[in-house]
Amino acid sequence: MFTLLHPFAGFLLAAPKRKKINIVAFFLGAMLPDLEGLYFIPFAYKACAALAGNEFTACAADYPSHFLLHSFLGAILIGVGVAMFFLLVNRMKIMKQKTNTKLIFISSALGTLSHLFIDLFFHGGADALALLYPVGLRSSLAFLGLQQFWNIVAVAGIALFAYIYLYKKEKLFGDEK
């Protein structure tokens, strides 16, 4: 799934608890695992360089790139990293309000876990998730060509969420006028 859609898809999962989480930390946690893929881009290009067109694209897309940050250990590390970032920002007095470090950690870890849950449906084969990293076991719920189905479900679900959210906002604003 496209990296920038992860926070919104994850937000759908976390919507019942949205008032109890830090949304910025949640969004950071939902997007940061895909930074791992940047490391593997040069290796994918090198491994697939001899191919052309659609074969190259398919090869590069299937190149394994989900390891540490796409694991439960990665969720903890991302949570700690985001919490430390917020602590640093607080110490530098960039933000006026104090932040709850425990809430920041939990929110970013939940964001990462939502990312992992969503990616389970989109990545299979060699690029499946290593949820128990460093154990070599790969996990995936993308089988029987269902990746395209889940792409459609994800886009439709996000569009439906946006429509309902905007409709409620419009209805609320319409009552005030």
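The values are calculated or read from the model by the stated rules, or taken from the named source; none is laboratory data. None of the values given here were measured: they were computed from a predicted structure. Here the Cβ positions follow ideal geometry from the backbone for every residue, glycine too, while neighbour counts run over all protein chains shown.
Annotations for the structure displayed:
- Within segment 86-131, considering residues that are in a loop (DSSP other than H, G, I, E, B) and among the hydrophobic types (A, V, I, L, M, F, W, C), the one farthest from the chain's Cα centre (by Cα): Met92
- Residues of segment 35-60 satisfying the condition of being more than 23 Å from His6 (Cβ to Cβ) and of a type in the set (Ser, Thr, Tyr): Tyr45
- Number of positions in segment 86-104 that are without any contact (Cβ under 8 Å) to a residue 40 or more places away in the chain and either hydroxyl-bearing (Ser, Thr, Tyr) or under 24 Å from Leu5 (Cβ atoms) (or both): 1
- Only residues that are more than 30 Å from Tyr133 (Cα to Cα) and either polar (S, T, N, Q) or surrounded by 23 or more Cβ atoms within 10 Å (Cβ to Cβ) (or both) were counted in segment 73-109, giving 3.
- Inter-residue pairs, beta-carbon under 9 Å, first without any contact (Cβ under 8 Å) to a residue 12 or more places away in the chain and surrounded by 11 or more Cβ atoms within 10 Å (Cβ to Cβ) and in segment 35-58, second polar (S, T, N, Q) and not in a loop (DSSP other than H, G, I, E, B), 6+ apart: Leu51/Thr57
- Segment 70-116, residues that are within 14 Å of Met31 (Cα to Cα), of a type in the set (Ser, Thr, Tyr) and in contact with a helix residue (DSSP H, G or I) (Cβ under 7 Å, 6 or more places away or on another chain): Ser107, Ser108, Thr112, Ser114
- Taking the criterion of being hydrophobic (A, V, I, L, M, F, W, C), on the phi < 0 side of the Ramachandran plot and either modelled with pLDDT of 70 or more or part of a loop (DSSP other than H, G, I, E, B) (or both), the residues of segment 136-153 that qualify are Leu137, Leu141, Ala142, Phe143, Ile152, Val153.
- In segment 6-19, the condition of being among the aromatic types (Phe, Trp, Tyr), more than 25 Å from Ile152 (Cα to Cα) and in contact with a Ser or Thr (Cβ under 9 Å, 6 or more places away or on another chain) is met by no residue.
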